[in-house]
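In what follows, a structure is listed as structure tokens, so that the remarks can point back to it.
Derivation of every value follows stated rules applied to the coordinates shown; laboratory data play no part. These figures come from a predicted structure and were not determined experimentally.
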């Protein structure tokens, strides 16, 4: 299975590291907009470095993102959606507005793929240890497919409802 991880900041670095150690992952591709960050990650972990969002997600069955805020998620969505693989599942761990999560979900659905808004709690230490709690909003079937992948770095994964429900749960967490 090919997985793309976009965003190797404080959280994404550790998520990708756990995925690189998972027996379920055949191919892991990472990308970050910060020059050299993905290469530094690859020096310490097992995975290939992409030079763009498009090259990272091409052919990926799962896409994992961990981005700073709404603006960054929208920029990535604008680039990613036109090239997303039919049937792919995009799991977004960014903490963003429920409104944006629903908007991105609609765009991804129109491209015959799936989007799960899946913010996390547990902080950097939880990401490092692989014990995050993940609150997921989105399609039930996509959630079932993604759960074993997310389980590489999370100890509690719960589907809270439809699109935006993960973000709404995070807001009250």
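Brief remarks follow.
- Alpha-carbon centroid distance for the pair the range 105-121 / the range 1-78, whole angstrom: 17 Å
- Among beta bridges that DSSP assigns inside the chain, antiparallel share in %, nearest 5: 10 percent
- Under the criterion of Cα pairs below 8 Å and six or more residues apart, the relative contact order for the range 2-172 equals 20 percent.
- If you sort the three axes of the alpha carbon gyration tensor as a ≥ b ≥ c, you get a/c of 1.5 or more for the range 111-173 and a/b no higher than b/c, which makes it oblate.
- Cα gyration tensor shape of the range 1-71, rounded if a/c is under 1.5, else prolate or oblate by comparing a/b with b/c: rounded
- Gyration tensor verdict on the chain (Cα atoms; rounded if a/c is under 1.5, prolate if a/b is larger than b/c, oblate otherwise): rounded
- Value of relative contact order over the range 121-173, rounded to a whole percent, pairs C-alpha under 8 Å and six or more apart: 41 percent
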